[in-house]
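Q: Take this structure, written in structure tokens, and hold onto it; I'll ask about it next.
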Amino acid sequence: MQLHFSPSMRSITISSNNGFIDLMKIKVAACHISYRTLFHTILILAFLLPFVFILTAVVTLEGVNKCSSFDCLGRRLGPRLLGRVDDSARLVRDFYNILNEVKTGEIPSSVKLPDSFEQMVSDMKDNQYDAKTFAFMLKGMMEKFEKEIIESKFAELTNKHFAASSVPKGINCLSLRLTDEYSSNAHARKQLPPPELLPMLSDNSYHHFILSTDNILAASVVVASTVQSSQKPENIVFHVITDKKTYAGMHSWFALNPPSPAIVEVKGIHQFDWLTKENVPVLEAVESQNGIRDYYHGNHVMGANLSDTNPRKFASKLQSRSPKYISLLNHIRIYIPELFPSLDKVLFLDDDVVVQHDLSPLWEIDMNGKVNGAVETCKGDDEWVMEKYFKNYFNFSHPLIAKYLDPNECAWAYGMNIFDLRTWRMSNIRETYHSWLKENLRSNMTMWKLGTLPPALIAFRGHVYPIDPSWHLLGLGYQSKTSVESVKMAAVIHYNGQSKPWLEIGFEHLRPFWNKYVNYSNDFIRNCQILES
């Protein structure tokens, strides 16, 4: 049997094999599709069909849920049109309902919490837990791990507090060796400054710096950085105040390592005749109350309810109970006008600062009759350092605090302050400071969170002249995210906080700015194995 197409494609004849008999003749109606068009159509389909097959296979392997192109729209809509809807969305909704139910429920005692994810998977397989039991197990594991993390964080903060409160072995060694040198070496005991320079100590044409510390290494960095950063170091006079036990070692250091051409005077607290309990009655109050000493030297963790606080508040509480806050060296700045009666203007520096630029322009600032030139700490983008108001330091639930202070009043920074002593002597700043310290003692230390700054914030109210923030960059001792570029630009950088640069807990990327002013080639420093880290 054969098929015969007419040349015009309008008829088809079916005949026998011998060709003599026409079994059927079919006429095709006229159409507008040419042979050439039909041929091209068949040819195109021949090329496309393999690609369609491959694409269908890929879509099938990838799964319907991963298919997002137009060509798999049918695969998504097909099951719905045929009534076969995917149950995954319903399962997810059901699981959400179970989680909401478990969230407020108690974990059954029969549920044993696994110690790891692998154990949980194994228990699920072995015990064939249902979804609700799985949710309880998940909740229990999360609560367990959260508790362990919080306890670990509190332990870390406690260890950090003890590390910050202790004296490193190398610094203690340095003090002991220099004290021994004072007793055996006449050069270590020589007068500071030499007799011919004594008049400079009260000459107001010089720039007078005051530093109060019992840390010899830190004092050496403050003095060295100030002198090296000054354009006129010969115009600098340093008054270093220390306690009785450190006096000999501090004197030895600056006698054997004079920061020429600057002048240095070292005085112990015991050498100031004015510092008596009669003139400073708050000292006797602090020394006589065992409760105050226990507050600062006691165990701050024993008996503490960690569930009632968070790590940040706990860290603040630990820092506020540092023993340094009952040290006279920390309160000495409030008595500067009486300790240096012949001086008119001084720059006070903490021992955890580094001076990077010349500070002589600070003496030229007109403070408009104010006493304290300081950087305000409520203006800046850094919420940890430059967002400090009175509410950050005082307990406004105390009736006296709520009555006399404004929680949104801007705070300012201790650690780099230019003081106009002439104006100060005409004020009642010291008396105000004393009265609030006594009130806090009577209130069982509940009026503020930190040691010396809060009473100073009250005492200097109305006496502060804001200086440009570029003079004093704070927070290098507790803000690990401090920008290195910001540090480079600041005139004075302040490692306030627990992570001092001379401690192992200091921040690695900020320590080099302090290390560069340590004389690691000095024999005493090398023999005490104080190494650059």
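Q: Identify, by number, the condition in (1) aromatic (Phe, Trp, Tyr); (2) at pLDDT 95 or above; (3) open to solvent by 20 Å² or more (accessible area, probe 1.4 Å) that Tyr389 doesn't meet.
A: (2)
Q: Which of (1) open to solvent by 50 Å² or more (accessible area, probe 1.4 Å); (2) under 35 Å from the mean Cα position of the chain (by Cα) is the odd one out, the single condition Pro199 does not satisfy?
A: Of the numbered conditions (1) open to solvent by 50 Å² or more (accessible area, probe 1.4 Å); (2) under 35 Å from the mean Cα position of the chain (by Cα), the odd one out for Pro199 is (2).
Q: Here is a further query. With respect to Gln128, is the statement that it is open to solvent by 60 Å² or more (accessible area, probe 1.4 Å) and on the phi > 0 side of the Ramachandran plot true? Reasoning before the result, please.
A: Values: open to solvent by 60 Å² or more (accessible area, probe 1.4 Å): yes; on the phi > 0 side of the Ramachandran plot: yes.
Spelling it out, Gln128 is indeed open to solvent by 60 Å² or more (accessible area, probe 1.4 Å) and on the phi > 0 side of the Ramachandran plot.
Q: Quick test of your reading of the structure: Met447 fulfils all but one of (1) under 33 Å from the mean Cα position of the chain (by Cα); (2) farther than 20 Å from Tyr389 by Cα. Name the failing condition by number.
A: (2) is the only condition that Met447 fails.
Q: Sticking with this one: Which count do you get for residues in segment 393-416 that are surrounded by fewer than 18 Cβ atoms within 10 Å (Cβ to Cβ), aliphatic (A, V, I, L, M) and under 28 Å from the mean Cα position of the chain (by Cα)?
A: Here the count works out to 0.
Q: Check Asp523 against each of (1) more than 24 Å from Glu156 (Cβ to Cβ); (2) in contact with a Phe, Trp or Tyr (Cβ under 9 Å, 6 or more places away or on another chain); (3) of a type outside the set (Phe, Trp, Tyr) and name the one condition it does not meet.
A: If we test Asp523 against (1) more than 24 Å from Glu156 (Cβ to Cβ); (2) in contact with a Phe, Trp or Tyr (Cβ under 9 Å, 6 or more places away or on another chain); (3) of a type outside the set (Phe, Trp, Tyr), just (2) comes out false.
Q: Now a separate question. So, of the residues in segment 265-285 that are part of a loop (DSSP other than H, G, I, E, B) and within 24 Å of Met200 (Cβ to Cβ), which turns out to be modelled with the lowest pLDDT? If you could, list the steps in order and put the result at the bottom.
A: Here is the first cut: in segment 265-285, the ones part of a loop (DSSP other than H, G, I, E, B) are 272-280.
Next, only the ones that are within 24 Å of Met200 (Cβ to Cβ) stay: 272-275.
Values: Phe272: 91, Asp273: 87, Trp274: 85, Leu275: 81.
Only one residue tops the list, namely Leu275.
Q: To continue, here is another question. If Ser360 passes every condition in (1) of a type in the set (Ser, Thr, Tyr); (2) open to solvent by 30 Å² or more (accessible area, probe 1.4 Å); (3) within 32 Å of the chain's Cα centre (by Cα); (4) at pLDDT below 95 but one, which one does it miss?
A: Evaluating Ser360 over (1) of a type in the set (Ser, Thr, Tyr); (2) open to solvent by 30 Å² or more (accessible area, probe 1.4 Å); (3) within 32 Å of the chain's Cα centre (by Cα); (4) at pLDDT below 95 leaves (4) as the failure.
Q: Only one residue in Lys438, Lys516, Lys481 is among the basic types (Lys, Arg) and under 22 Å from Leu328 (Cβ atoms), so which one is that?
A: Details: Lys516 fails: under 22 Å from Leu328 (Cβ atoms); Lys481 fails: under 22 Å from Leu328 (Cβ atoms).
Within the list Lys438, Lys516, Lys481, the selection yields Lys438.
Q: Using beta carbons and a limit of 8 Å, which pairs, at least six apart or on different chains, have the first residue in segment 98-124 and closer than 12 Å to Phe134 by Cα and the second one basic (Lys, Arg) and in a helix (DSSP H, G or I)?
A: Ile98/Lys132; Val102/Lys132; Val102/Lys139; Ile107/Lys139; Leu113/Lys144
Q: Would you check which residues across segment 482-496 are in a loop (DSSP other than H, G, I, E, B), open to solvent by 10 Å² or more (accessible area, probe 1.4 Å) and in contact (Cβ under 8 Å) with a residue 12 or more places away in the chain and list them?
A: To start, the set of residues in segment 482-496 that are in a loop (DSSP other than H, G, I, E, B) comprises 482-483, 490-491, 495-496.
With the extra rule that they be open to solvent by 10 Å² or more (accessible area, probe 1.4 Å), the set shrinks to 482-483, 496.
Of everything in segment 482-496, those that are in a loop (DSSP other than H, G, I, E, B), open to solvent by 10 Å² or more (accessible area, probe 1.4 Å) and in contact (Cβ under 8 Å) with a residue 12 or more places away in the chain turn out to be Thr482, Asn496.
Q: Give the number of residues within segment 151-183 that are out of contact with any Cys (no Cβ under 7 Å at 6 or more places or on another chain) and surrounded by 15 or more Cβ atoms within 10 Å (Cβ to Cβ).
A: Looking only at segment 151-183, we keep the residues that are out of contact with any Cys (no Cβ under 7 Å at 6 or more places or on another chain), and these are 151-169, 171-172, 175-176, 178-183.
Filter again for surrounded by 15 or more Cβ atoms within 10 Å (Cβ to Cβ), leaving 153-154, 157-158, 160-161, 163-165, 168, 171, 175, 178-179, 181-182.
Residues flagged as out of contact with any Cys (no Cβ under 7 Å at 6 or more places or on another chain) and surrounded by 15 or more Cβ atoms within 10 Å (Cβ to Cβ) within segment 151-183 amount to 16.
Q: Among residues belonging to segment 230-264 that are in a helix (DSSP H, G or I) and over 14 Å from Ile216 (Cα atoms), point out the one that is nearest to the chain's Cα centre (by Cα). Reasoning before the result, please.
A: The initial filter retains those residues of segment 230-264 that are in a helix (DSSP H, G or I), namely 233-235, 244-256.
Cutting the leftovers down to over 14 Å from Ile216 (Cα atoms) gives us 233-235.
Working: Pro233: 35, Glu234: 38, Asn235: 37 Å.
The qualifying residue nearest to the chain's Cα centre (by Cα) is Pro233.
Q: Looking at Asn408, Asn368, Asn395, Asn444 in this structure, which one is on the phi > 0 side of the Ramachandran plot, out of contact with any Leu (no Cβ under 9 Å at 6 or more places or on another chain) and at pLDDT 90 or above? Talk me through it step by step, then tell me what you get.
A: On the way: Asn408 fails: on the phi > 0 side of the Ramachandran plot; Asn395 fails: on the phi > 0 side of the Ramachandran plot; Asn444 fails: at pLDDT 90 or above.
Result of the check over Asn408, Asn368, Asn395, Asn444: Asn368.
Q: Something else about it: Cβ contacts < 8 Å: first residue open to solvent by 20 Å² or more (accessible area, probe 1.4 Å), restricted to segment 219-236; second residue part of a helix (DSSP H, G or I), any location; separation 6+ or different chain. Result?
A: Note: pairs meeting the criteria are Ser230/Ser360; Gln231/Ser360; Lys232/Ser360; Pro233/Val227; Asn235/Ser360.
Q: Give me the strands (runs of 3 or more DSSP E) completely within segment 328-404, filtered to those with at least 2 residues that are out of contact with any Pro (no Cβ under 9 Å at 6 or more places or on another chain) and in contact (Cβ under 8 Å) with a residue 12 or more places away in the chain, ordered by residue number.
A: Numbers: elements: 345-349, 353-355, 372-374.
So the answer is 345-349, 353-355.
Quick grid of which residues meet (1) open to solvent by 10 Å² or more (accessible area, probe 1.4 Å); (2) of a type in the set (A, V, I, L, M); (3) assigned to a helix (DSSP H, G or I):
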{"residue": "Ile418", "(1), (2), (3)": "no, yes, no"}
{"residue": "Thr423", "(1), (2), (3)": "yes, no, yes"}
{"residue": "His434", "(1), (2), (3)": "yes, no, yes"}
{"residue": "Met445", "(1), (2), (3)": "yes, yes, no"}
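Q: If Ser307 passes every condition in (1) more than 30 Å from Glu146 (Cα to Cα); (2) modelled with pLDDT under 75; (3) surrounded by fewer than 17 Cβ atoms within 10 Å (Cβ to Cβ) but one, which one does it miss?
A: Every listed condition holds for Ser307 apart from (1).
Q: Moving to a separate point now. What number of residues within segment 519-530 satisfy the criterion of being part of a loop (DSSP other than H, G, I, E, B), surrounded by fewer than 19 Cβ atoms within 10 Å (Cβ to Cβ) and either touching a Lys or Arg at 6+ places or on another chain (Cβ under 8 Å) or touching a residue at least 24 places away in the same chain (Cβ under 8 Å) (or both)? First the steps, then the outcome.
A: Step one: of segment 519-530, the residues part of a loop (DSSP other than H, G, I, E, B) are 519-522, 528-530.
In the following step, the residues that additionally are surrounded by fewer than 19 Cβ atoms within 10 Å (Cβ to Cβ) were identified as 519-522, 529.
Filter again for either touching a Lys or Arg at 6+ places or on another chain (Cβ under 8 Å) or touching a residue at least 24 places away in the same chain (Cβ under 8 Å) (or both), leaving 519-520, 522, 529.
Number satisfying all stated conditions: 4.
Q: Which one of these does Leu192 not meet: (1) over 35 Å from the mean Cα position of the chain (by Cα); (2) aliphatic (A, V, I, L, M); (3) surrounded by 18 or more Cβ atoms within 10 Å (Cβ to Cβ); (4) not in a loop (DSSP other than H, G, I, E, B)?
A: It is condition (4) that Leu192 fails.
Q: Another question, then. Go through segment 447-467 and count every residue that is part of a loop (DSSP other than H, G, I, E, B) and among the aliphatic types (A, V, I, L, M). Walk me through how you get there before you give the answer.
A: Filtering segment 447-467 down to residues part of a loop (DSSP other than H, G, I, E, B) leaves 447, 449-452, 460-463, 467.
Restricting the remaining residues to those that are among the aliphatic types (A, V, I, L, M) gives 447, 450, 467.
Count: 3.
The values are calculated or read from the model by the stated rules, or taken from the named source; none is laboratory data. Quantities reported herein were computed from a predicted structural model and do not represent experimental measurements. Glycine gets a Cβ as well: all are built from the backbone with ideal geometry, and neighbour counts include every protein chain shown. Protein only, heavy atoms only, side chains kept; ligands, DNA and RNA dropped before computing areas. Shrake-Rupley method; radii C 1.70, N 1.55, O 1.52, S 1.80 Å.
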